[in-house]
Amino acid sequence: MDVLAVSHRSRIVKNDDKGLFGVRGTGDTSGFGGLVRSRPLAAVVPTPPPYGGYFDEVVETLTDLVDPESVHAVVVDRGELTIHVDRDHIAQVCRAMRDDEGLRFELCNSVSGVDYPDQEARFHVVYQLTSMTYRRTVRLEVSVSLADPHVPSVTEVYPTADWQERETYDMFGVVFDGHPNLTRILMPDDWEGYPQRKDYPLGGIPVEYKNDAEIAPPDERRAYK
């Protein structure tokens, strides 16, 4: 029976994808065989205000400072605040989050990517911000499509985003316009593809430091019982 649930980002999901641990009858040693995982099917479901705690103050202050079209949705789930932002306004929103005396989110802890291949805007870029002044945290999120995977860089606002944007580019192929040196950071410069995209092959990639060695695809690996 299909089970409807709400994911950690408050998307409607349907538990119909099988994989991970518990695989039987195959040589797949990666673990992508038995566990049922939640698969996002619908768009973001906003949380209606009031949001509780300091969340209302943060959202009200931010929306007063930026273009009303900058914020697409506000989601509160599991005690965490996520603000979905229009990609063209992400730098403006980050600057307001950093500089306003009522917000003071001085630190960008991380910039990372997520791939939802069933969505039109499949690549989500996630910014974790911390206010050391007020001891608060917030998540910003923008989404882009495969056809137009461009997001403005926020390195001028948060210098810590420099290598983090490079890693997101390297793993997902999201292009951060205005980045001072957007090159690969983990993979070789001439590497083809983006390893953390969901459609990237799990195996069969030549191991360059071994003579003629190759990692077999998961379904061709030998399983030891």
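Taking all protein chains as shown and a probe of 1.4 angstrom, residue 192 keeps an accessible surface of around 150 Å². Set the Förster radius R0 to 35 Å, insert the Cβ-Cβ distance between residue 57 and residue 198 as r into 1/(1 + (r/R0)^6), and round the FRET efficiency to 0.05. Computed FRET efficiency for residue 57 and residue 198: 0.45.
What percentage of the solvent-accessible surface of the stretch 42-90, computed with a 1.4 Å probe over protein heavy atoms, is contributed by carbon and sulfur atoms? Please list the in-between numbers first.
Values: 1340 of 2590 Å².
Carbon with sulfur: 52 percent of the solvent-accessible area.
Could you tell me what percent of the accessible area of the stretch 93-143 is made up of carbon and sulfur, with a 1.4 Å probe and every protein chain present?
On the way: 930 of 2090 Å².
The nonpolar share, carbon plus sulfur, comes to 45 percent.
Simple rule: put +1 on each Lys or Arg Cβ and -1 on each Asp or Glu Cβ in the stretch 62-118, find the dipole, and look at 94, 108, 76; the Cα lying farthest toward the positive end is 108.
Scanning residues 5 or more positions from residue 137 or on other chains, those with amide H under 5 Å from its amide H are 131, with H placed 1.01 Å from N in the peptide plane. Normalised by the number of residues in the stretch 81-197, the average gap of Cα pairs under 8 Å and 6 or more apart makes the relative contact order 24 percent.
The values are calculated or read from the model by the stated rules, or taken from the named source; none is laboratory data. Keep in mind it's a predicted model, so treat the numbers as computed, not measured. Backbone-built Cβ (ideal geometry, glycine too); neighbour counts: all protein chains shown. The area values use the complete protein model at the heavy-atom level, side chains included, leaving out ligands, DNA and RNA. Shrake-Rupley method; radii C 1.70, N 1.55, O 1.52, S 1.80 Å.
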